[in-house]
Structures are given as structure tokens and as C-alpha cells.
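Have a look at the structure below, then the notes.
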Amino acid sequence: MQILSSIGTKSETNEDVILRTLLDGHCRAILGVTTGNPSTASAISLACNMPLSTVYRRLKTLRALKFLHVSCTLRPDGKKLLLFQNRLVGIDISWNDAKLQISTNFSSVM
């Protein structure tokens, strides 16, 4: 099963995409900032000292993996306000029969 072709190549497995994402320092920084505290993309950008375009690219990947909960509210001026919160609680990685297996544990953030 492939995650989304937009975040990985056709030959990448889910495990490949998850490992690549976890190795990415920007993705880990975003997960750290959004743990327990929902944040906007702009707030994440400031907290991580990262360009907003980079934040949005990483948010796309993290959302596709379901690592983030996203809530949407309307501001008084009618514009959408998206808040991102880390759902990832743990990851178990094992090597069985010459195959990498990854299981993810998520919180029930809502």
C-alpha cells in the first residue's frame, strides 16, 4: 500500500516514506512544536526558525502520514485558521523475515 504518490516515489513503501520523514530534521521540529499545543503554520515557522514554504511542504507530508491532527476555524474576518497538532505517540520498528515493519501509535486528539 502506498501512502500518497505526492510525497514519495512509486517504488517507495510506506516504511520508506515514514523513515525518510523521521530522518528529516524539519519534520521532527514540527512534530516537537505541535506536541500538546495546536499551532498555525506561521507560529511553527517562527518557533522552528524555518521558512513558511518549508513548513507547508513538511505539513503536507506529515498530514498525509496522519501524524498531525488539523482543525479549522473561521477568524472574525472570515478567513480560515488551520491549527496543527501532533498525533504521534510512538513508533515501533522491527525487522522480521528480512522485511522492515513499522507500526505507529496515535493519540486520539480531537
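The values are calculated or read from the model by the stated rules, or taken from the named source; none is laboratory data. Remember, predicted model here, so these are calculated numbers, not experimental data. Methodologically, a virtual Cβ is constructed for each residue, glycine included, from the backbone with ideal geometry; neighbour enumeration extends over all protein chains shown. These accessible areas exclude ligands, DNA and RNA; they are computed on the full protein's heavy atoms, side chains included. Shrake-Rupley method; radii C 1.70, N 1.55, O 1.52, S 1.80 Å.
In the chain, helical runs assigned H by DSSP with n ≥ 4 each contribute -39500 (n - 2.57); averaged across all residues and rounded to the nearest 500, the mean residue ellipticity at 222 nm is -10500 deg cm²/dmol. With kT/(6 pi eta Rh) evaluated at 37 °C and eta = 0.692 mPa s, and Rh the Kirkwood radius from Cα pairs, the chain diffuses with a coefficient of 221 µm²/s according to Stokes-Einstein.
With a 1.4 Å probe rolled over the protein heavy atoms of all chains, the accessible area of Ile93, Ile18 falls in the order Ile93, Ile18, largest first. Computed on the chain, with alpha-carbon pairs under 8 angstrom and 6+ residues apart, the relative contact order is 22 percent. From most to least packed by mean Cβ count within 10 Å, the peptides 40-53, 75-88, 20-33, 58-71 give 58-71, 20-33, 40-53, 75-88. Once the C-beta distance of Phe106 and Thr13 is scaled by a Förster radius of 22 Å, the resulting FRET efficiency is 0.65 to the nearest 0.05.
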